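Trainee: Sharing a structure with you now.
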Amino acid sequence: MKHLLRYISIAGLASLSGFAPAQESVQSQIDTIKSVLPKFAIPMREVGDRFQNMYFAAKGGNWALAAYMSKYMDKSMNPASYTKAEEYQSWRYFYDTTFDPVNKAIKAQDFKAFEKEYMSTIASCNACHASMGYGFIKVVKLRKPANNGVDYKVPSKPGDVPP
Ligand code: HEC
């Protein structure tokens with residue numbers, strides 16, 4: 001018991017002094033946190049998968065799943081708005097403008113329009129890769145979804161996605 005108490009008080013002191021990051025300036029703590037947050041590469045993996053999955057959701061008439069994939073394809077990029085603020089603006093423009101016809105086709109549950117817009121978007125994904133020095137990352141459309149753990153044919157409406 002005595003030992004335990006001593007240990008607790010040492011641990012308490014330690015956390016108030018040397019071992020805790022309390023001595024670091026707030027700025028350097030922020031810099032540390034920022035340095036471990038995702039930039040582009042990590043969320044782009046998610047963008048890639050959600051983009052592929054979206055196609056099969058739309059094709060299967062699971063329009064809520066297609067809308068959901070699109071929504072979180074965009075949201076997955078959120079950390080980059082902080083870690084790569086300037087480059088993130090190009091993503092914003094891409095999603096809000098270039099990708100908008102795909103989102104409109106999802107809302108209209110129009111697979112023909114969706115497929116046309118979706119296919120032409122792939123060139124824009126790759127144009128951004130090239131412009132940022134990643135021309136070797138060339139998106140190609142998969143024959144099957146990137147993830148097979150969900151049913152792409154559940155009938156649903158785009159508005160079924162909770163806010
Ligand atoms: C704003 C520019 C931009 C747009 C638009 C963009 N990407 Fe990317 N993407 C990047 C960059 C930059 C990388 C390389 C990541 C890095 O190293 O920081 C990348 C990497 C990737 C990767 C490789 C991820 C990995 O590490 O395995 C995939 C897959 C990908 N993008 C898919 C897409 C798809 C699909 C689209 C279109 C729906 C798209 N990207 C649109 C900039 C973009």
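Trainee: If Val102 satisfies all but one of (1) part of a loop (DSSP other than H, G, I, E, B); (2) within 18 Å of Trp63 (Cβ to Cβ); (3) within 16 Å of the ligand (Cβ to nearest atom), what's the number of the condition it fails?
Mentor: (1)
Trainee: Here is a list: Ala41, Ala85, Ala57, Ala20. Which entry is of a type outside the set (Lys, Arg) and at pLDDT below 90?
Mentor: Testing whether each residue is of a type outside the set (Lys, Arg) and at pLDDT below 90 leaves just Ala20.
Trainee: In segment 94-110, which residues are out of contact with any Phe, Trp or Tyr (no Cβ under 8 Å at 6 or more places or on another chain), under 17 Å from Lys157 (Cα atoms) and of a type in the set (Val, Ile, Thr)?
Mentor: none
Trainee: Do we find that Ser124 is within 24 Å of Leu37 (Cβ to Cβ), modelled with pLDDT of 95 or more and not assigned by TED's automatic domain parsing to the domain that holds Ile30 in this structure? Let's see the steps before the verdict.
Mentor: Working: within 24 Å of Leu37 (Cβ to Cβ): no; modelled with pLDDT of 95 or more: yes; not assigned by TED's automatic domain parsing to the domain that holds Ile30: yes.
For Ser124, the condition - within 24 Å of Leu37 (Cβ to Cβ), modelled with pLDDT of 95 or more and not assigned by TED's automatic domain parsing to the domain that holds Ile30 - is not met.
Trainee: In segment 123-132, which residues are small (Gly, Ala, Ser) and surrounded by 14 or more Cβ atoms within 10 Å (Cβ to Cβ)?
Mentor: Across segment 123-132, the qualifying residue is only Ser124.
Trainee: Also, I was wondering about something else. Tell me which residues, restricted to segment 133-161, are within 12 Å of the ligand (Cβ to nearest atom) and loosely packed, with under 13 Cβ neighbours inside 10 Å.
Mentor: Passing the criteria: Gly133, Gly135, Phe136, Lys138, Val140, Lys141.
Trainee: Evaluate segment 133-154: report whether one residue or more is part of a helix (DSSP H, G or I) and under 17 Å from Gly48 (Cβ atoms). Walk me through it before giving the result.
Mentor: So in segment 133-154, the residues part of a helix (DSSP H, G or I) come out as none.
No, that holds for no residue.
Trainee: Evaluate segment 105-118: report whether one residue or more is within 11 Å of the ligand (Cβ to nearest atom) and buried (at least 16 other Cβ atoms within 10 Å of the Cβ). Lay out the reasoning, then the answer.
Mentor: First pass over segment 105-118, keeping only residues within 11 Å of the ligand (Cβ to nearest atom): 118.
Imposing the further condition that a residue be buried (at least 16 other Cβ atoms within 10 Å of the Cβ) reduces the set to 118.
Within segment 105-118 (the criterion being within 11 Å of the ligand (Cβ to nearest atom) and buried (at least 16 other Cβ atoms within 10 Å of the Cβ)), the answer is yes, since at least one residue qualifies.
The values are calculated or read from the model by the stated rules, or taken from the named source; none is laboratory data. Remember, it's a predicted structure, so these values are computed and weren't measured experimentally. Positions of Cβ are generated from backbone atoms using ideal geometry, with glycine treated the same way; all protein chains shown enter the neighbour counts.
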